[in-house]
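What follows is calculated from the coordinates using simple rules that are stated; it is not laboratory data. It should be emphasised that the depicted structure is a prediction, and the values quoted were computed from it without experimental measurement. Neighbour counts run over all protein chains shown; Cβ positions are idealised from the backbone, glycine included.
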Amino acid sequence: MDLIVDILVVDEDRLEHIARHQATIEEVLEIVSGDYVFVQGHHERWLLIGRTTQGRFLTVVVGARSQRNTYGLVTARPASRDERALYRELALEDGGEEHGQD
């Protein structure tokens, strides 16, 4: 199964919310439009784990909307150690190449 985000709905209050987690909307969009791995989270949400071009690992939490491939932004935050390890494991499984350090 692939999780494809064609449309990301960002409610106005989400910008302030993710800023409290030291994340920006630009970073969120970079993750969502780039290479990420995903796992199902709580409350029917998805965790998208990716790495920005600056080398920062982020976890972006989204919830499905009624329209196909449309998700609403719940939050974004720095990825945990376990999430970074999962990203590396799954990205390499899919033939990706991982460079750099934490």
Within the stretch 35-63, the residues that are in contact with a strand residue (DSSP E or B) (Cβ under 6 Å, 6 or more places away or on another chain) and outside any strand (DSSP E or B) are Gly41
Would you check if Glu44 is acidic (Asp, Glu) and either surrounded by fewer than 19 Cβ atoms within 10 Å (Cβ to Cβ) or without any contact (Cβ under 8 Å) to a residue 24 or more places away in the chain (or both)?
yes
Can you tell me which residue among Gly72, Gly34, Gly55 is surrounded by 16 or more Cβ atoms within 10 Å (Cβ to Cβ), in contact (Cβ under 8 Å) with a residue 12 or more places away in the chain and not aliphatic (A, V, I, L, M)?
Gly72
